[in-house]
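Enquirer: So that we are looking at the same thing, I have put the structure below in structure tokens.
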Amino acid sequence: MSTPPGVLTFSGVGLTWPDGQPVLDGLDLVVPAGRSGLVGANGSGKSTLLRLAAGELSPTRGSVQVTGRVGYLPQDLTLERDRPVDELLGIAVPLRALRRLDRGSGDPADLEAVGDDWDVEDRARSELDRLGLPADVLDRRLGELSGGEVVGLGLARLLLARPDVLLLDEPTNNLDARARARLHEVLGTWPRTLLVVSHDRELLERMERIGDLRDGRVRWYGGGFSAYAEQVRAEQAAAEQTVTAARADLRRQKADRVEAERVIAQRRRQGRQAQLSGGIPKIVAGMKKNSAERSAASYRRVHEGRLEDARERLEAAESRLREERSIRVELPATEVPRGRVVLTTQALVLRNGAEVELELRGPDRVAVVGPNGAGKTTFLETVAGTVPPRSGSVRTHVPTALLPQRLDLLDQRLSVVDNVLARAPGQEVNPVRAQLARFLFRGAAADRTVATLSGGERFRATLAALLLADPAPQLLMLDEPTNNLDLASYDALVSALAAYRGALLVVSHDARFLDEVGVDRALALG
């Protein structure tokens, strides 16, 4: 589709990581004013593209131009556990100065720090309320909040700054249903330029256009997600027909090439027989032989040219087909006999004061639901033993693994394969590499350090490290597992968990996901 003049322009942009791995190569992209969504496979460069647009990364070559002030919400806000909330909101200096002045302990430097921002606290509380966040979060740190509350704070920071260009990376991650609805409302009427990377179909439906990042190029499709999906389906149907026709043509050309060689060989035999019969003078036979060889060479070139053309048409047709690479998880060692107790609680009170009573038997599937801040993540961390309860106890009776919302389990400095081996020290390298291929870390991809991975790749690497551990988990706890998955990997994860043989505890605000993995019951907190 054609697009209006760009607010964000990439011109011949290339980016190569310090280890020599290319991410983008010669990207030309124009993002117009209005609401634009960006989709693509995990690792295709979506988050990197946003970081380049935000100025957090500099391209190796080419240029990035942005018209106006930029506001950027990264995907990994929840990793900054010790950061104060007012600092995240960008109001720490004037807010703290204002409070000192209110207490009567301020000085001229505080007056200068406040400047014209005498209403900074009122504006901050207003934006927090707009996003459903309590005002007391201003005095807390990110590590004390739920993942959804942290994402909401990141959005509040941007709304306070009123940017001309808003860049959001998976903004609905960790948000409960009410927070998602509020975000959809805010972004659905955003009056300036918006570029959002998301797998949230409902959010993408509110976009004016969808950009598909594939093979280092972005192609625009008009309308929201359903219009994009329909156009892609039509393109793929046409591409499959073209491939079928091209393959049939290639088979015909190969058959014609074989027939041409048969005809050439027959002519040669006839020429030799005529010469041996003595009916043709030597000089005439030589002339006929030379002529025949020239004719055969020309005949062969014609068929070879047709065969090469057929191959090129097939390659061009196949290049238009999408290779939807998705994770393929198999968990044969996780089976739990039906009815076996895997988890019990006794008078359990979580750190936040929530009371939990649960007996989980294999292979039950329990969804842990509730609003942001209700203690869902705290409950999983309490079961995992990383957070102590306020009182009472929880006991697990089988090997257990937790896939955390923050995806901070892996050693950033180590490779993917080394992280897996650290959790399965008795395993040989080659079998582990073979298993990692099922998580799309094939060959050299398994040697990449965790620090260079995209959000979706980090998810796959963390999941691999947990599931390939020795012993394998028979109680698997998932905290918002669909946050960073591309659309194909989402479908693959649903399929894998549907075949999982152990017990599941799943925290998710994605009602569609919970329905598709077939949860047996819900544990409501808050």
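FYI, it's all coordinate maths here, none of it is from the lab. Since this is a predicted model, take the numbers as computed values, not measurements. Virtual Cβ from ideal backbone geometry, glycine too; neighbours counted across all protein chains shown.
Enquirer: Amide H to amide H, which residues 5 or more places from E480 or on other chains are under 5 Å from it, using H placed in the peptide plane?
Expert: V507, S508
Enquirer: Also: Please state the relative contact order of the chain as a whole percent: Cα pairs under 8 Å, 6+ residues apart?
Expert: Value for the chain: 16 percent.
Enquirer: Computed over the Cα atoms, what is the radius of gyration of the stretch 1-157 divided by 2.2 N^0.38 Å, N being its residue count?
Expert: So the Cα radius of gyration is 1.30 times the expected 2.2 N^0.38 Å.
Enquirer: Could you tally the net charge around A444, taking each other residue with its Cβ under 13 Å from the Cβ of A444, Lys/Arg +1 and Asp/Glu -1?
Expert: Net local charge, A444 excluded: +1.
Enquirer: Could you work out how much longer the chain between A177 and A109 gets when fully extended? Use 0.36 nm per residue separation minus the Cα distance between them, nm to one decimal.
Expert: 20.1 nm
Enquirer: Label-point separation (nm) for D25 and R268, each offset 7 Å from Cα along Cα-to-Cβ?
Expert: So the two model labels end up 4.2 nm from each other.
Enquirer: Hey, another quick one. Report Rg/Rh for the stretch 332-524, rounded to two decimals, where Rg is the Cα radius of gyration and Rh the Kirkwood radius.
Expert: Computed over Cα atoms, the ratio is 0.96.
Enquirer: Hey, fewest Cβ within 10 Å first, where do W118, W17, W220 land in order?
Expert: Fewest-to-most ranking of W118, W17, W220: W118, W17, W220.
Enquirer: Still on this structure, please answer the following. Between the stretch 341-387 and the stretch 444-517, how many Å separate their Cα centres?
Expert: If we compute the Cα centre of each part, the gap is 19 Å.
Enquirer: Using only the alpha-carbon atoms of the stretch 372-483, report the extent along each of the three principal axes, biggest first, to the nearest angstrom.
Expert: 47, 29, 22
Enquirer: Based solely on its DSSP helices, what 222 nm [θ] is calculated for the chain when runs of n ≥ 4 H residues each add -39,500 (n - 2.57) and the sum is averaged over all residues, nearest 500 deg cm²/dmol?
Expert: -13500 deg cm²/dmol
Enquirer: Sticking with this one: So if R0 is 45 Å, what FRET efficiency would D515 and D256 give, r being the distance between their Cβ atoms, rounded to the nearest 0.05?
Expert: That gives a FRET efficiency of 0.25.
Enquirer: Cα centroid distance between the stretch 172-229 and the stretch 1-72, in Å?
Expert: So the two Cα centres are separated by 17 Å.
Enquirer: By the scheme Lys and Arg +1, Asp and Glu -1, what is the net charge of all other residues having a beta-carbon under 14 Å from that of W220?
Expert: Once positives and negatives cancel, what remains is +1.
Enquirer: Need one number for the chain: average projected area of the convex hull over its C-alpha atoms, nm².
Expert: Directional mean of the projected Cα hull area for the chain stands at 34.9 nm².
Enquirer: Would you list S298, S198 from fewest to most Cβ contacts within 10 Å?
Expert: Fewest to most other Cβ atoms nearby, the residues stand as S298, S198.
Enquirer: Need one number: nm distance between label points at R219 and A522, each 7 Å from Cα along Cα→Cβ, rounded to one decimal.
Expert: Output for this residue pair reads 4.0 nm.
Enquirer: Got a sec? How would D212, D200 order by Cβ neighbour count within 10 Å, fewest to most?
Expert: Exposure proxy ranking, most exposed first: D212, D200.
Enquirer: Separate question: Which translational diffusion coefficient, to the nearest whole µm²/s, is obtained for the stretch 112-156 from the Stokes-Einstein equation, given a Kirkwood hydrodynamic radius over C-alpha pairs, 25 °C and 0.890 mPa s?
Expert: Reported coefficient: 218 µm²/s.
Enquirer: Under 13 Å from the Cβ of G132, count the other residues' Cβ atoms, weight Lys and Arg +1, Asp and Glu -1, and hand me the total.
Expert: Result for the local shell: 0.
Enquirer: For labels at V341 and E240 in the simple 7 Å Cα→Cβ model, what's the distance in nm?
Expert: 5.1
Enquirer: OK, next. Once the mean 1/r over all distinct Cα pairs of the stretch 460-526 is inverted, what Kirkwood radius in angstroms do you read off?
Expert: 12.8
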